[in-house]
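Novice: Quick one: this structure, given as structure tokens, is what I'll be asking you about.
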Amino acid sequence: MKLKEFRLRFRAWQNKSINYTVKKKGVHHCANCGHDFEGNLCPICGQSVGDGRITWKWLAYSFINIWTGDSRSLPYSIFQLMLRPGHFIGEYISGHRQVSSPPVNMLFGIAVIYAIIMHLFGIEPEPFTAKDSDLKVFITAINWLNNNPGWGAIAMTIFLTIPTWFLFRYSPRHPRHTIPEGISIQVFMSSLMLICLLFKAIHPAFIFLIPLYYYITYRQLFGYNFWGTSWRLMACFVVWAYAFIMLVVATILLKIPEMDNSFSVGKIIIMYILYFLTLIIPIAAVLFIGLWICKRGERRREQKTQ
Ligand SMILES: [Zn+2]
């Protein structure tokens, strides 16, 4: 009973959007430009109320602020992202830009924390060694991404932008999101991914936090139910994994003409055309069938409400 009550309260808290209040009532005199104003910020120059001589608090704040600019601080944004990811990202992409520290800054802030913790505990990733020279480019790329966790996480998630755009296009919540919004969503997901990887350092089983977080986030963000979220997300990951496998295949194909001299230009062109078709046709099929199902779902929802 107690647990149920806690869950309901937590849900209500997750659903509630972040609100803002006037910090100090009355008319203030801006210490920067001299304008008299009411509210939290000077409307002429943007300096905060109470900003004047430098205090210890302000000094500490300015160091935290390296990553955050004028919006919410990094710890606050991480806290929000971990506990109500979908609602938080939804607010950000629908125009509440000040609720979060900018997602790219946040990602690289977390990447620095991640690198420091990994280094302190001596759990740095083993570099892959290139025994097979055919895959050398690929292995170099993986090692580079391992050493640059921020870019590494982005490289993993960014390809989900396209399938997400197709499969969650007609969602009940936040429908018709744009590609730049989709990229922002994946930048937030990269931050979550790094946090999950920190947990994975404690126990390998925590790697499953990543798909779990994707599920929770997409469910809160797009508003489909359990099955609606699950199958769409599964389709996104299948497309993602297929594209990744085909990328490995491409690095192998590039080597074939070098090794086999009998390969004529005509054969090479045919090989690339076949490769391109094998890459595009299954992905396009999944995405457009998905899009069609989602569009039909939206029409049904509209009919119900009429
Ligand atoms: Zn001012």
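The values are calculated or read from the model by the stated rules, or taken from the named source; none is laboratory data. These figures come from a predicted structure and were not determined experimentally. Counting neighbours? That spans all protein chains shown, and the Cβs are built from the backbone with ideal geometry, glycine included. The area values use the complete protein model at the heavy-atom level, side chains included, leaving out ligands, DNA and RNA. Shrake-Rupley method; radii C 1.70, N 1.55, O 1.52, S 1.80 Å.
Novice: Put one equal scatterer on each alpha carbon of the stretch 71-222, apply the Debye formula with no solvent term, and list log10 I(q)/I(0) at q = 0.18 1/Å to two decimals.
Specialist: The Cα Debye sum returns log10 ratios of -1.09.
Novice: Would you mind computing, in nm to one decimal, how far apart the modelled labels at Cys45 and Ala284 are, each placed 7 Å from Cα along Cα→Cβ?
Specialist: In this crude spin-label approximation the distance works out to 5.8 nm.
Novice: Here's another thing I want to ask about it. Compute the distance in nm between two label points, each set 7 Å from the Cα along the Cα-to-Cβ direction, one at Ile179 and one at Ile142.
Specialist: 3.0
Novice: Once every DSSP H run of n ≥ 4 in the chain is given -39500 (n - 2.57) and the sum is divided by its residues, what mean residue ellipticity at 222 nm do you get, rounded to the nearest 500 deg cm²/dmol?
Specialist: That comes out to -21500 deg cm²/dmol.
Novice: Further question on the same structure: If I ignore ligands, DNA and RNA and count only protein heavy atoms, how much of Cys45 is accessible to a 1.4 Å probe, in Å² to the nearest 10?
Specialist: 60
Novice: Across 10 Å bins from 0, what is the distribution of all Cα-Cα pair distances for the chain, in whole percents?
Specialist: Result, from short to long distances: 5, 20, 26, 23, 15, 7, 3, 1, 0 percent.
Novice: Would you mind computing, in nm to one decimal, how far apart the modelled labels at Arg53 and Ile123 are, each placed 7 Å from Cα along Cα→Cβ?
Specialist: Modelled inter-label distance: 4.7 nm.
Novice: By how many nm would the segment from Gln306 to Tyr275 grow when fully extended, if each residue of separation counts as 0.36 nm and the alpha-carbon distance is taken off?
Specialist: 6.4 nm
Novice: Further question: Using the membrane-span-like helix rule (whole DSSP H runs, Cα extent along the own axis of at least 27 Å, mean Kyte-Doolittle hydropathy at least 0.5), which helices of the chain qualify?
Specialist: Helix filter hits for the chain: 179-202, 226-253, 265-305.
Novice: Whenever you get a sec, compute what percent of the accessible area on the chain sits on carbon and sulfur atoms (1.4 Å probe).
Specialist: Of all accessible area on the chain, carbon and sulfur atoms account for 67 percent.
Novice: Looking at the stretch 57-299, how many pairs of lysines come closer than 28 Å at the Cα, when each pair is eight or more places apart or spans two chains?
Specialist: 6
Novice: Name the residues whose placed amide hydrogens come within less than 5 Å of the amide hydrogen of Ser171, ignoring near sequence neighbours (fewer than 5 apart) on the same chain.
Specialist: Answer set, sorted by chain and number: Arg176.
Novice: Translational diffusion coefficient, Stokes-Einstein: compute it for the stretch 266-306 using the Kirkwood radius over C-alpha pairs as Rh, at 4 °C and 1.567 mPa s, and state it as an integer in µm² s⁻¹.
Specialist: The Stokes-Einstein estimate is 103 µm²/s.
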